[in-house]
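Questions regarding the structure given below will be posed in turn.
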Amino acid sequence: MVIKSITVIKRDGRKVPFDTDKIYQALVRASNEVGPLTPLIESKLEGIAASVVAEINDRFHDNIKIYEIQNIVEHELLQAGEYALAQQYINYRTQRDFDRAKATDINFSIDKLINKDQTVVNENANKDSDVFNTQRDLTAGIVGKSIGLKMLPPHVANAHQKGDIHYHDLDYSPYTPMTNCCLIDFEGMLKNGFKIGNAEVESPKSIQTATAQISQIIANVASSQYGGCTADRIDEFLAPYAELNYKKHLADAEEWVVEDKREDYARKKTQKDIYDAMQSLEYEINTLFTSNGQTPFTSLGFGLGTSWFEREIQKAILNIRIKGLGREGRTAIFPKLIFTVKRGLNLEPGTPNYDIKQLALECATKRMYPDMLSYDKIIELTGSFKAPMGCRSFLQGWKDATGNDVTSGRMNLGVVTLNLPRIALESDGDMEKFWDLFLERMAIAKDALVYRVERVKEATPANAPILYQYGAFGQRLDKTDKVDELFRNRRATVSLGYIGLYEVATVFYGGDWEKNPAAKDFTVDIIRHMKQFCADWSDEYGYHFSVYSTPSESLTDRFCRLDTEKFGIVENITDKEYYTNSFHYDVRKNPTPFEKLDFEKVYPEAGASGGFIHYCEYPVLQQNPKALEAVWDYAYDRVGYLGTNTPIDKCYACHFEGDFEPTERGFKCPNCGNTDPKMVDVVKRTCGYLGNPQARPMVNGRHKEISARVKHMNGSTIKVEGNQAES
């Protein structure tokens, strides 16, 4: 039957074209809850759907409200004597209304927190929910999320609750007009001084004072935003303060040391000062707690400096991380280390800093960090060189009014992620329908992102003085200035995320599609379409909308769980109990790093340059850094940003080092069976950062869940023989 051109008015006020197939699919879902779907039942459902369409055709001409459609469906079910089906359909509607109400019910959410619901207390692997200040933040987050859902445009809130999109960090935004992540302008703050609280802080006179100031800046910035922060090119901006130490020691030497040994004396003293300062910074970051009850998500970018001071800072960062924290030498979770490799500087043997690359490789085999940043590829992908803002969010190239390239002091305004697998599942293998639904969801994502921008613009400099008035965001504003001065003209980014390209292609091409050119082209086209939409929105609004390969620590679970409720168990999609993060290769196929990198490299090139990282998973590499170097060298001209995933768990009872076994009670040493959290160091990759799941309270076997999630989010496997990585 042909339906008239009728518009459906949704509960959230959206107007969409009437789709007859949605009525039939709703009946099928309800019928599946009653019993198996047989050809006879399918025929009945088709007849009921046709009767519903006929009545709508007869009674409505221009538009119809969604509840009117549902009332007609219920009436037709009762008329047909399908009482069990009618009851299931009504129950589904009631449950949906109940779920919507619960999402904004603060009392209901607080009850989940008190009862340690895993979806609340374990949403973030680096927030210990046993700690009072974390509990306070979780409680505040529940209030913020409930209020935030009511503040959002109704159709955006509805799409988030249903799982069509994910409005990230709802516990902070939009309730507070906070920014997301940033590259702090440490160079400007240290050079020009700043203020924290009642203290006017002048430019430091030594590297020890400089690193102490850095830790205070990080703590205050992290309490004034909700994302990660990066100290980019830290070896270069700290070098002048190390040189002050050197000059002081040289002056002392001129008074107390014989002439031919003065420079050697000054260098040795400065070398120790540098090491002590960087070690203090490592400890201070790992002992800091921000106002939201966690260690600041901090990254250090380094590797390009060539002076003696810059090289010593690089070596100190790496040697301190290799040594570890405390007497036992535990792996530091923060800061994330990001080492830049550059052709002609440190990539090849014989280059000036090749020795430091070797030290970085040793560190990565023992501590998983540093990640590797490819200098030339980052410029190609993002337009200029810079480290990511925390985890994987990249600023795009931007020049100020005088033509200077600016990276530090810029920020991201937030992320909204699209549930791509749901669009594919709803299309039921119909490519035309997929693209129609894609356009509909992109329109919602746009509204969500624009709302993020508008809300953040409502902040005042006084809301976050460290950011807006004292230099963290570069340009210093007065109290009466508009914060939008630091966002507009594409100085800030706002990000469209996505998840599950593997699952999307699986709907259309089956679970083993990676070597199918048509399937690969389809997934690349999705990225290109998102990139074009972002370019159009950037032209329209003047902010840099970018495509972001979403970090999905909890979203891999949330979207899959919601889609399992809606579509049931679907082979290679929901049956895995997780969605594949962004563009990553299906880890179940155990690709080599070389296969994985060759497969994934096209996605940031196609447009996902607003955020990305590639991971490779290895066996124990501590005795074989040359294997890791083979992958780094292979990756240099192919990908911009590469992380290492290798077993580094350690038992202090028997001194075993490797991969611990996840059990119901925690992680167990495979050598001696030790499970005492005080006697083991368990560190896993969770999202873009490392995490210590052993230190977090787990229930119902969640240690196994985290271990599985780590394996499936990002990994690949390398075969190692001798000193070579086998492709």
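The values are calculated or read from the model by the stated rules, or taken from the named source; none is laboratory data. In this text the structure is predicted, and so the values were computed from the model without any measurement. A quick note on method: Cβ atoms are made from the backbone with ideal geometry, for glycine too, and the neighbour counts reach across all protein chains shown. Heads up: the accessible areas ignore ligands, DNA and RNA and are worked out on the full protein's heavy atoms, side chains in. Shrake-Rupley method; radii C 1.70, N 1.55, O 1.52, S 1.80 Å.
Could you list, in sequence order, all residues of the range 253-287 that are over 11 Å from residue 207 (Cβ atoms), charged (D, E, K, R) and in contact with a Ser or Thr (Cβ under 9 Å, 6 or more places away or on another chain)?
Once the filter is applied, which keeps residues that are over 11 Å from residue 207 (Cβ atoms), charged (D, E, K, R) and in contact with a Ser or Thr (Cβ under 9 Å, 6 or more places away or on another chain), the range 253-287 yields only 284.
List the helices (runs of 4 or more DSSP H) inside the range 408-477, counting only whole elements, that have at least 1 residues being small (Gly, Ala, Ser).
Details: elements: 420-427, 431-456, 465-468.
The qualifying helices (runs of 4 or more DSSP H) are 420-427, 431-456.
Of the residues 536, 563, only one is out of contact with any His (no Cβ under 9 Å at 6 or more places or on another chain), surrounded by fewer than 22 Cβ atoms within 10 Å (Cβ to Cβ) and not hydrophobic (A, V, I, L, M, F, W, C); which? Write out each step before concluding.
Working: 563 fails: surrounded by fewer than 22 Cβ atoms within 10 Å (Cβ to Cβ).
Residue meeting the stated conditions: 536.
Residue check, residue 53 against (1) crowded, with 16+ Cβ neighbours inside 10 Å; (2) at pLDDT below 85, all met but one. Which one?
(2)
Now for a different question. What pairs come out if I take residues in the range 172-194 that are surrounded by fewer than 23 Cβ atoms within 10 Å (Cβ to Cβ) and pair them with residues that are assigned to a strand (DSSP E or B) whose C-beta lies under 8 Å away, six or more apart or interchain?
Filtered contacts from the range 172-194: 193/200; 193/201.
Something else about it: Give the residue that is nearest to residue 504 (Cα to Cα), with candidates limited to residues of the range 520-559 that are among the acidic types (Asp, Glu) and in contact (Cβ under 8 Å) with a residue 12 or more places away in the chain.
By that ranking, first place goes to 557.
Something else about it: Any idea which residue in the range 69-86 is most open to solvent (accessible area, probe 1.4 Å), counting only those that are among the aliphatic types (A, V, I, L, M) and part of a helix (DSSP H, G or I)?
The qualifying residue most open to solvent (accessible area, probe 1.4 Å) is 78.
So, one more: State the number of residues belonging to the range 251-284 that are over 14 Å from residue 317 (Cβ atoms), of a type in the set (Asp, Glu) and either open to solvent by less than 50 Å² (accessible area, probe 1.4 Å) or not in a helix (DSSP H, G or I) (or both).
The qualifying residues number 1.
Looking at (1) closer than 19 Å to residue 174 by Cβ; (2) open to solvent by 50 Å² or more (accessible area, probe 1.4 Å), which one does residue 428 not meet, given that it meets all the others?
Only one criterion in (1) closer than 19 Å to residue 174 by Cβ; (2) open to solvent by 50 Å² or more (accessible area, probe 1.4 Å) is unmet by residue 428, namely (1).
Does the range 345-352 contain at least one residue that is in contact with a Cys (Cβ under 8 Å, 6 or more places away or on another chain) and in a loop (DSSP other than H, G, I, E, B)?
No, that holds for no residue.
Could you list, in sequence order, all residues of the range 633-679 that are surrounded by fewer than 23 Cβ atoms within 10 Å (Cβ to Cβ) and aromatic (Phe, Trp, Tyr)?
634, 636, 652, 656
If a residue must be of a type outside the set (D, E, K, R), exposed (fewer than 15 other Cβ atoms within 10 Å of the Cβ) and part of a loop (DSSP other than H, G, I, E, B), how many such residues does the range 7-50 contain?
Looking only at that region, the number is 5.
Considering only the range 317-340, state which residues are modelled with pLDDT of 95 or more and open to solvent by 20 Å² or more (accessible area, probe 1.4 Å).
Scanning the range 317-340 gives 319, 322, 323.
The rows are residues; the columns are (1) touching a Leu at 6+ places or on another chain (Cβ under 7 Å); (2) open to solvent by less than 10 Å² (accessible area, probe 1.4 Å); (3) more than 26 Å from residue 420 (Cβ to Cβ); (4) of a type in the set (Val, Ile, Thr).
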{"residue": "445", "(1), (2), (3), (4)": "yes, yes, no, no"}
{"residue": "453", "(1), (2), (3), (4)": "yes, yes, no, yes"}
{"residue": "468", "(1), (2), (3), (4)": "yes, yes, yes, no"}
{"residue": "473", "(1), (2), (3), (4)": "yes, yes, yes, no"}
{"residue": "480", "(1), (2), (3), (4)": "no, no, yes, yes"}
{"residue": "492", "(1), (2), (3), (4)": "yes, yes, no, no"}
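With the condition kept exactly as written, say whether any residue in the range 378-390 is part of a loop (DSSP other than H, G, I, E, B), closer than 27 Å to residue 559 by Cβ, open to solvent by less than 10 Å² (accessible area, probe 1.4 Å) and at pLDDT below 95. Step through it out loud before you land on a result.
The first filter runs over the range 378-390 and keeps only residues part of a loop (DSSP other than H, G, I, E, B), leaving 383-390.
Next cut, closer than 27 Å to residue 559 by Cβ only: 388-390.
Those left that are additionally open to solvent by less than 10 Å² (accessible area, probe 1.4 Å): 388-390.
Checking the rest, the ones that are also at pLDDT below 95 come to 389-390.
So far as the range 378-390 goes, yes, one or more of its residues are part of a loop (DSSP other than H, G, I, E, B), closer than 27 Å to residue 559 by Cβ, open to solvent by less than 10 Å² (accessible area, probe 1.4 Å) and at pLDDT below 95.
Please verify whether residue 617 is within 30 Å of residue 508 (Cβ to Cβ), out of contact with any helix residue (DSSP H, G or I) (no Cβ under 9 Å at 6 or more places or on another chain), of a type outside the set (Gly, Ala, Ser) and buried (at least 17 other Cβ atoms within 10 Å of the Cβ), treating the condition exactly as stated.
No; evaluated as a whole, the condition is false for this residue.
Just to be sure before I move on: is residue 259 free of Cβ contacts under 8 Å to residues at least 24 places away in the same chain and out of contact with any His (no Cβ under 7 Å at 6 or more places or on another chain) in the structure I sent?
Considered against the rule, which asks whether it is free of Cβ contacts under 8 Å to residues at least 24 places away in the same chain and out of contact with any His (no Cβ under 7 Å at 6 or more places or on another chain), residue 259 comes out as yes.
If I filter the range 285-316 down to residues being open to solvent by 10 Å² or more (accessible area, probe 1.4 Å) and touching a strand residue (DSSP E or B) at 6+ places or on another chain (Cβ under 7 Å), which single residue comes out as nearest to residue 390 (Cα to Cα)?
Per the stated criteria, the residue is 297.
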